[in-house]
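**Student:** What follows is a structure written as C-alpha cells; I'll ask about it next.
None of the figures in this text is laboratory data; all of them are computed from the coordinates on show. Everything numeric here is computed off the predicted structure, so don't read it as measured data. Positions of Cβ are backbone-derived with ideal geometry, glycine not excepted, and every protein chain shown enters the neighbour counts.
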Amino acid sequence: MSTDIITIDGPTSSGKNSVGFLLAQKLNFQYVDTGMIYRAGCVAILKNNIPLSDKDKVLEIYKSLNIEFKSEDSERRLFLDGEDVTDILHSAQVTKIVPIVAAIPEVREVMKGLQRKIGLKENMVMSGRDIGSEIFPDAKYKFFLTADPEVRAKRRFEQLAKKDPGVKFEDVLKDMLDRDEKDTNRKVSPLRVPKGAKLIDTTNLSVEESVDKMLSYMTQSFK
Ligand code: C5P
C-alpha cells in the first residue's frame, strides 16, 4: 500500500510543530517531529555520560534507539526505552548538544533509515530540517516554513518561560541564531528550501491561517 507524505522543513520555531500537528489532525494523518528523535538520542547520550568525541558510542545510541510516539491531550509525546522523556527534550543541555550531534554524517545516515521506515508506515506529516530535501525528496507536498528571527525567538521564549520563569529573551535569541547558523552551514544535509517546496512565511500568520494556506495550496495541487 502506498502512503502519502507531506514534508515541512524550516528553522527553529518557524511554526513547524504546531502547524504540522494541526495539518495532520485535519487530514487524519500521523504527525512526526523528527527534531524530537534527534533530541531523544541526545537524552540517551547525556544519561549514559557519553562524550561527544566518542563517535562510535554516539552512533551506537542512534542505531539502537528504542522510541515510541504516543498522542496524548492533543500533543505528541515521546517514550525512550518505555519512559516518557517529552518534558526533557527541550532542556538547555539537550538543546546545546543536538546541533553538534545532528551534524555527524553517520548519525544522519542512521536517522535517514529510521525516518524513512517511520514515514512509509502510514499517511504522514513529517517535519524537520531535511525531510523534503533528503529523506522524502519525492514527497507529494513539501513546505518550507520561515518567520522573522525576533518573532521565532519570542515564540520559543514563551514556550520556555512556562517551565522556567528565569529564562531571558536575549539568551533565547542568541541560542536560536547560533543553532540556525550550525544547521544552515553544516556539510551534510544543511537546512535549505527543498526543491519544489512551497515557502510560507508565518511571521504574521496564526497556526490556523498557516494550515489553511497549506490546505489551499494542496487543493490547487501545486506540484
Ligand atoms: O526541531 P528542533 O529544534 O527540535 O530540532 C533540534 C535540532 O535537531 C535542530 O537544531 C537540528 O540540529 C536537528 N535536526 C536536524 N534534522 C532534522 C530535525 C532536527 O538536523 N530533520
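**Student:** Taking the alpha-carbon set of region 140-208, what are its Rg and Dmax in Å?
**Tutor:** 14.1, 43
**Student:** For Thr203, which sequence-distant residues (separation of 5 or more, or a different chain) have an amide H within less than 5 Å of its own amide H, given hydrogens modelled in the peptide plane?
**Tutor:** Asp148
**Student:** Region 13-44 to region 80-106: how many Å between their Cα centroids?
**Tutor:** 14
**Student:** Given points 7 Å out from each Cα along the Cα-Cβ axis, report the Arg116 to Tyr217 separation in nanometres with one decimal.
**Tutor:** 2.5
**Student:** For region 5-205, what does the relative contact order come out to in percent, with C-alpha contacts under 8 Å and a separation of six or more? Before the final figure, lay out each step's value.
**Tutor:** On the way: 292 pairs, mean separation 69.4, N = 201.
That works out to 35 percent.
**Student:** Let me ask something additional. Rounded to the nearest 5, what % of DSSP beta bridges with both residues in the chain are antiparallel?
**Tutor:** Numbers: 8 of 25 bridges.
Expressed as a percentage, antiparallel bridges in the chain total about 30.
**Student:** Next up: Please list, in chain and number order, the residues 5+ apart from Lys140 or on another chain whose amide H is under 5 Å from its amide H, with Hs placed from the backbone.
**Tutor:** So Lys140 has HN proximity to Ile5.
**Student:** Semi-axes of region 43-89's equivalent ellipsoid from the Cα gyration tensor, sqrt of 5 times each eigenvalue, largest first, rounded to whole Å? Present the calculation step by step, with values, prior to reporting the outcome.
**Tutor:** On the way: eigenvalues 119, 22, 11 Å².
Listed largest to smallest, the semi-axes of region 43-89 are 24, 10, 7 Å.
**Student:** Ordered by residue, what ³J(HN,Hα) values in Hz, to whole numbers, does region 84-90 give under the Karplus form 6.51 cos²θ - 1.76 cosθ + 1.60, where θ = phi - 60° and Gly and Pro are x?
**Tutor:** Using θ = phi - 60°, the values come out as 6, 10, 3, 6, 9, 4, 9 Hz.
**Student:** Expressed as cubic angstrom per residue, what is the convex hull volume of the alpha carbon set of the chain?
**Tutor:** Details: hull volume 27.8 nm³, N = 223.
Convex hull volume per residue, Cα atoms: 125 Å³.
**Student:** Next question. Express the C-alpha Rg of region 1-113 as a ratio against the empirical globular expectation 2.2 N^0.38 Å, rounded to two decimals. Could you put the intermediate results ahead of the total?
**Tutor:** Details: Rg = 14.6 Å, N = 113, 2.2 N^0.38 = 13.3 Å.
Computed over Cα atoms of region 1-113, the ratio equals 1.10.
**Student:** Same structure again: Which residue, Ser91, Ser14, Ser133, tops the fluctuation ranking in a GNM of the chain built on C-alpha contacts under 10 Å?
**Tutor:** Ser91
**Student:** Under 14 Å from a point placed 7 Å out from the Cα of Asn66 along the Cα-to-Cβ direction: which residues of region 78-116 have their backbone N that close?
**Tutor:** Those under the cut-off are 79-84.
**Student:** Another question about this same structure. Ignoring everything except DSSP H segments at least 4 long, calculate the 222 nm mean residue ellipticity for the chain; use -39,500 (n - 2.57) per segment, divide by total residues, nearest 500. Each step should come with its number before you reach the end.
**Tutor:** Working: 8 runs with 105 residues, N = 223.
Helix contribution divided over all residues of the chain: -15000 deg cm²/dmol.
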